[in-house]
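Contents: one structure, followed by commentary.
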Amino acid sequence: MSKVDEYIEKRSAQDADFAKQVEQEDINLEVAIKVRSLREDMGLTQREFAQVIGKPQSTVARIENGNMNASTKMLSDIAKATKQRLTIQFEPVH
């Protein structure tokens, strides 16, 4: 475990708000990776992808940078526009 991971674990145990923020950032990063991978697999620029999904390019950039809490509605809209099926799954915490 890295020193950063140790710090996050220790601070999360002491500060519930910090723990929630870390959890949300993890979700945002996972969504960012998935959306960017989808766009790149489609061979599209952010601007082209934004046109396909009917959102501004700035929204795509914020999602891909992990700076946006993308709602399930937003993800559903992206899935529908790109002819994908959105799945949400639960996995055990390590």
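The values are calculated or read from the model by the stated rules, or taken from the named source; none is laboratory data. This one's a predicted model, so the numbers in the text were calculated from it and none came from an experiment. As a convention, Cβ positions derive from the backbone with ideal geometry for all residues, glycine included, and neighbour counts pool all protein chains shown. Ligands, DNA and RNA are stripped out before the accessible areas are found, and what is left, the full protein with its side chains, is counted by its heavy atoms. Shrake-Rupley method; radii C 1.70, N 1.55, O 1.52, S 1.80 Å.
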Have a look at SER37, SER71 and point out the one that is of a type in the set (S, T, N, Q) and surrounded by 10 or more Cβ atoms within 10 Å (Cβ to Cβ).
SER37
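Yes/no per residue for (1) open to solvent by 50 Å² or more (accessible area, probe 1.4 Å); (2) free of Cβ contacts under 8 Å to residues at least 24 places away in the same chain:
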{"site": "ASP5", "(1), (2)": "yes, yes"}
{"site": "PHE18", "(1), (2)": "no, yes"}
{"site": "VAL31", "(1), (2)": "no, no"}
{"site": "ARG47", "(1), (2)": "yes, yes"}
{"site": "GLY66", "(1), (2)": "no, no"}
{"site": "ARG85", "(1), (2)": "yes, yes"}
Taking segment 27-53 and the residues there that are closer than 10 Å to ILE63 by Cβ and among the basic types (Lys, Arg), the one that is farthest from the chain's Cα centre (by Cα) would be ARG39
Can you report the number of residues in segment 49-58 which are surrounded by fewer than 12 Cβ atoms within 10 Å (Cβ to Cβ) and under 18 Å from LYS83 (Cα atoms)?
1
